[in-house]
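Asker: Submitted below is the structure of interest, expressed as structure tokens.
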Amino acid sequence: MAPSPADPAPGADPASGADPASGADPAAGVDQRASGADSGFGADRGSAGWRWFFRIAYRLVRLADPAIRALMRRLPRFLPRAVDLRVGGRRSGRSRRTLVTLLTVGEAWYVGHPNGAAAWTRNLENADGGEMTLRDGRVVPVRAVRLWAGPELEAVVRATWSQQPFPANVAYALARGHVRRVGVYYRILQAPDQPAPGQPASDQPAPDQPAPDPRSNR
């Protein structure tokens, strides 16, 4: 279920946890203790019902991927938060493309999966970096920082209730307890020393800062 970057509210802080539209420094709220979302013996697997629901739903989304991409090319307003994330496969090294929903909390960007680690999230963690193709065609080199339990993750989970496309947003809201327990989410930062194509290096934010506003060139 794919994304649409809306213009973020300047100065909002993703670490507040009270409302996805408000928060603090994007670096706050990152707890490096494992949340149990990753697969493994004794890991928290959340709700069995929601686990199967998301597994089936995302399998259908993968099957529909070619049709979704075709509609995105023809209809610029279709799934406006959908972006194309490209990272190297952790085993093959080959570039892998995945449509993901780009969530925003304040000026920070986030991506993730509600049902625990998926192939693309494992590739993202394993890769040194990747590229994100925005809806305006810009390609932004990025890297990802994993979020653990804390107010920043809570703000991102809350953002899914309004920023995922309908009817996915309803499912995310109803499954919020499951998503909090097992969801895997990342803060997206612009990769240092890698200016996006067509953009002078002097216009780039400092390393480890949120990537530029995806709608600034529209």
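Asker: May I ask you to compute the full-extension gain from ASN126 to ARG59, defined as 0.36 nm times their residue separation minus their alpha-carbon distance, rounded to one decimal in nm? Can you show the working numbers first?
Answerer: Details: separation 67, 0.36 × 67 = 24.12 nm, distance 2.27 nm.
Value of the extension gain: 21.9 nm.
Asker: Output the relative contact order of segment 48-203, whole-number percent, from Cα pairs under 8 angstrom with separation of 6+ residues. Don't skip to the end; give the middle numbers.
Answerer: Values: 225 pairs, mean separation 38.4, N = 156.
Relative contact order for segment 48-203 comes out at 25 percent.
Asker: Figure the gain on full extension for THR133 and ARG86 (residue separation times 0.36 nm, minus the Cα-Cα span) and round it to one decimal in nm. Numbers along the way, then the final one.
Answerer: Values: separation 47, 0.36 × 47 = 16.92 nm, distance 0.81 nm.
Taking THR133 through ARG86 to full extension adds about 16.1 nm, to one decimal.
Asker: Extension gain SER95-PHE166, at 0.36 nm per residue separation less the Cα-Cα distance, in nm? Before the final figure, lay out the partial values.
Answerer: On the way: separation 71, 0.36 × 71 = 25.56 nm, distance 2.96 nm.
Taking 0.36 nm per residue and subtracting the Cα distance, the gain is 22.6 nm.
Asker: Beta carbons within 10 angstrom, averaged per residue: use that to sort the peptides 120-130, 66-76, highest first. Show your work: numbers first, answer last.
Answerer: Working: 120-130: 18.3, 66-76: 11.9.
Highest to lowest by the protection proxy: 120-130, 66-76.
Asker: Estimate the FRET efficiency between PHE78 and LEU174 by the formula 1/(1 + (r/R0)^6), using the beta-carbon distance for r and 25 Å for R0, to the nearest 0.05. Let's see the in-between values first.
Answerer: Working: r = 24 Å, r/R0 = 0.97.
Approximately 0.55, to the nearest 0.05.
A short reminder: the numbers here are calculations on the coordinates, not readings from a lab. Computed from a predicted structure; not experimentally measured. Cβ atoms come from the backbone with ideal geometry, glycine included; neighbour counts cover every protein chain shown.
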